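Report on the structure given below.
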Amino acid sequence: MPIITVASQNPVKQRASLAAFQRVFPEQAFHARGIDVASGVAEQPMSQHETWQGAVNRAANARAAQPESDYWVGIEGGIEQTALGMSCFAWVQVLGRDARVGCGQTAVFFLPSEVAELVRAGLELGEADDKVFGRINSKQGNGAIGLLTDDAIDRQAYYVQAVIMALVPFKNPQLHWSSPTPAHWVE
């Protein structure tokens, strides 16, 4: 049974990764496990690039820590101040034993001013959500998207589609894929 190492001890990210693999490869059974690794970015990434880099770093660090796995998944949530408000999103990087790499991103939504102000003041998004909504550890539950949509979309469902998008090169190995590094982010 192929092993998926998810670069997080957060059960939401582990369940989302497993669900995505099972949807993309329904004929195959997988085992997912989490590992705590460094993202190499701020606890609350504040840009698309920093968030993407966190996902890349997490996947690579998971591979270094658990080289016997078959897949390594890095999921990094982030925010970015835009002209429309503070946007919220996550990036996903999937590495395969066969050296294949996939990258995906969640949909973008905007945070209410009450949450955005707390984030600007230095709180991590999950802490800001807990404060505004009177919750405890919502980031290991329904997350900001679940709180804001009354669970029409929870954090796990939000991540599943992005992991599926990162699995596109794995689902289509007969096709050729360019580097998943956005060209304007290469330093």
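Of 5, 82, which has the most accessible area with a 1.4 Å probe, and how do the rest follow in descending order? Spell out each step's value before the answer.
Numbers: 5 0, 82 45 Å².
So, going from the largest accessible area down, we get 82, 5.
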Exercise. After finding the eigenvalues of the alpha carbon gyration tensor for the chain, what semi-axes result from the square roots of 5 times each, listed largest first in whole Å?
Worked result: 27, 18, 15
Seminar exercise, completed: Straight-line reach check, residue 131, cutoff 25 Å on alpha carbons, 8 or more apart in-chain or any other chain, hits among lysines -> 13, 139
Exercise. Just by accessible area at a 1.4 angstrom probe, what is the order of 88, 103 from largest to smallest?
Worked result: 103, 88
For this session: Place +1 on the Cβ of every Lys and Arg and -1 on the Cβ of every Asp and Glu in the chain, take the dipole about the Cα centre, and give the residue among 158, 73, 137 whose Cα lies farthest towards its positive end.
Result: 73
For this session: Can you send over the carbon and sulfur percentage of the accessible area for the chain, probe radius 1.4 Å, protein chains only?
Result: 53
Problem set entry | Residue-level accessible surface for residue 97, protein heavy atoms, 1.4 Å, Å² | 130
Exercise. Lysines within cross-link reach of residue 171: Cα-Cα under 16 Å, excluding same-chain residues under 8 positions apart?
Worked result: none
Exercise. At a Förster radius of 41 Å, what calculated FRET efficiency corresponds to the Cβ-Cβ distance of residue 99 and residue 137, to the nearest 0.05?
Worked result: 0.65
For this session: Report ³J(HN,Hα) in whole Hz for each residue of the stretch 152-160, in order, from the Karplus equation J = 6.51 cos²θ - 1.76 cosθ + 1.60 where θ = phi - 60°; Gly and Pro get x.
Result: 4, 9, 9, 4, 5, 4, 4, 7, 4
Seminar exercise, completed: Measure of exposure for residue 165: accessible area at 1.4 Å probe, Å² rounded to 10, is 90
Exercise. Which value, in Å², gives the accessible area per residue of the chain when a 1.4 Å probe is used on the protein heavy atoms?
Worked result: 48
For this session: Rank these residues by their accessible area, most exposed first, probe 1.4 Å: 139, 171.
Result: 171, 139
Problem set entry | Relative contact order for the stretch 83-187, counting Cα pairs under 8 Å that sit 6 or more residues apart, in percent | 30
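Using a Förster distance of 45 angstrom, determine the FRET efficiency expected from the C-beta separation of residue 46 and residue 150, and round it to 0.05.
Approximately 0.95, to the nearest 0.05.
The values are calculated or read from the model by the stated rules, or taken from the named source; none is laboratory data. None of the values given here were measured: they were computed from a predicted structure. Cβ atoms come from the backbone with ideal geometry, glycine included; neighbour counts cover every protein chain shown. Surface accessibility is based on the protein's heavy atoms, side chains included, excluding ligands, DNA and RNA. Shrake-Rupley method; radii C 1.70, N 1.55, O 1.52, S 1.80 Å.
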